[in-house]
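Presented below is the structure to which this report refers.
Only the coordinates and a few stated rules stand behind these numbers; no lab work does. What you see is a predicted model; the values in this text were computed from it and never measured. As a convention, Cβ positions derive from the backbone with ideal geometry for all residues, glycine included, and neighbour counts pool all protein chains shown.
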Amino acid sequence: MPRPAEMAGQVILRGWHLRLWRGTILVIILFPFIGLIAAGFWWNRHGLDAMQHTLFLVSYLLTGFGVTVGYHRLFTHRSFKPVRWLELSLAVLGSMAMEGPVIRWVAEHRRHHQYSDKEGDPHSPHSLGEGLVGLLKGFVYAHLGWFFDARRSSTRKYASDLYGDRYLRKIDSLYPLWVLLSVVIPGIVAYAFHPTQTALIAGFLWGGLARIFFVQHVTWSVNSACHLFGSQDFATDDQSRNNWVFGILALGEGWHNGHHAFPSSAQHGLLAWQLDLSYITIRILESVGLVRGVHSPDREKVSSARVLSS
């Protein structure tokens, strides 16, 4: 279902601005995919050792938490207050996931919450018709097709608080540097432990490009799969779902229905069995004095919002 061409809070890209935008998006999507293919060939020829496994896992967690704890729960929803150096570090780590600069990411996600699964939502999978064809088209659009849309969220409107912070603006403007470092650093670390060309390339591929591919698509699945597949444990006015697969892979972000029920909560896994590694991380940081003011609904509020028949 097409949305109005001009809507409050949207910026319409045209001409060379639109071509530049779409070209940048192609690089963001294709470069890690090509790297994943190269990593697969590398694995088939050379195998993987403990170093590659460790680099992949550590870089996945660091940049994944940069998105989930940093971009999402901190900068978008302000669900806790970190010390300053940690706040800026989370902005850098989120940038290293290659999902866009922090201010742009926050603006798009805040508009998503304002119009969730309604006209104006930048990436609802329910906007392209009914039936199997509509479902498939909606899934692809919500997963990555929406990136190419000429209609973008106004960062001035939706992320003015981040614009007011000159350090965050600087981190935002240096986004290409953080992406480059996120690919180069794993190669350097691998080389430091095993000073061979083989280790350097393996670190570059597995700790860099392949890791970016997996972090990207797991995160994007929250927009697509978690508005289509899973349970609605809480009463909301949208189609958000709790999906256990992405609850685990996306470090707690897959408990998306719980998040939409309580957007300002740092805790997304609101039910006892819902593992939320991002929330656990926030609580650990709080216990050592790096975080304060953690928002989480009390048990009574959670119970009252629960859909017992789900």
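Take the alpha-carbon centre of segment 215-270, take the same for segment 80-141, and report the distance between them in whole Å.
12
³J(HN,Hα) across segment 218-223 via Karplus (A = 6.51, B = -1.76, C = 1.60, θ = phi - 60°), whole Hz, x for Gly/Pro?
5, 5, 5, 5, 5, 5
Ranked by Cβ crowding within 10 angstrom, fewest neighbours first, how are Thr281, Thr76 ordered? Could you put the intermediate results ahead of the total?
Values: Thr281 19, Thr76 23.
So the ranking, lowest neighbour count to highest, is Thr281, Thr76.
Please work out the FRET efficiency for the pair Ile284 and His46, using the Cβ-Cβ distance as r and a Förster radius of 41 Å; give the result to the nearest 0.05. Present the calculation step by step, with values, prior to reporting the outcome.
Values: r = 36 Å, r/R0 = 0.88.
The formula returns an efficiency of 0.70 here.
Please order Val189, Val67 by the number of other Cβ within 10 Å, starting at the fewest. Spell out each step's value before the answer.
On the way: Val189 18, Val67 28.
Least crowded to most crowded, the residues run Val189, Val67.
Amide H of Ser153: which non-local residues (sequence gap of 5 or more, or other chain) have their own amide H closer than 5 Å, using H built in the peptide plane?
Val11
If I model a spin label at Tyr167 and Ile12 as a point 7 Å from the Cα along the Cα→Cβ vector, what separation in nanometres do I get?
Label-label distance for Tyr167 and Ile12, simple model: 4.0 nm.
Of the options Thr155, Phe65, Tyr191, report the single residue whose Cα projects farthest towards the positive end of the charge dipole of segment 10-230 (beta-carbon charges: Lys, Arg +1; Asp, Glu -1).
Most positive-ward Cα: Thr155.
Rounded if a/c is under 1.5, else prolate if a/b beats b/c, else oblate: with a ≥ b ≥ c from the C-alpha gyration tensor eigenvalues square-rooted, which is the chain? Mind showing how you got there, number by number?
Details: a/c = 1.45, a/b = 1.25, b/c = 1.16.
Rounded, since a/c falls under 1.5.
Using θ = phi - 60° and the Karplus form 6.51 cos²θ - 1.76 cosθ + 1.60, what ³J(HN,Hα) does each residue of segment 285-293 get, whole Hz, x for Gly and Pro?
In residue order, the calculated couplings are 4, 5, 5, 9, x, 8, 9, 9, x Hz.
Can you compute the modelled spin-label distance between Arg19 and Ser264, with each label point 7 Å from Cα toward Cβ, in nm?
4.6
Per residue of segment 160-165, what does 6.51 cos²θ - 1.76 cosθ + 1.60 with θ = phi - 60° give for ³J(HN,Hα)? Whole Hz please, x for Gly and Pro, Karplus curve as stated.
5, 5, 6, 4, x, 9
Projecting each Cα onto the charge dipole of segment 10-230 (Lys/Arg +1, Asp/Glu -1 at the beta carbon, about the Cα centre), which of Val11, Gly94, Phe204 comes out farthest on the positive side?
Positive-most Cα among the choices belongs to Val11.
Testing the spin-label approximation: label points 7 Å from Cα along Cα→Cβ at Ser231 and Ser89. State their distance in nm.
Distance between the two pseudo-spin positions: 3.6 nm.
What is the set of long-range amide H partners of Phe234 at a cut-off below 5 Å, with H atoms built 1.01 Å from backbone N?
Sorted by chain and number, the residues that satisfy this are Val307.
For a quick check: sort Met98, Met51 by the number of other beta carbons within 10 angstrom, fewest at the front.
Numbers: Met98 26, Met51 18.
The order, fewest Cβ neighbours first, is Met51, Met98.
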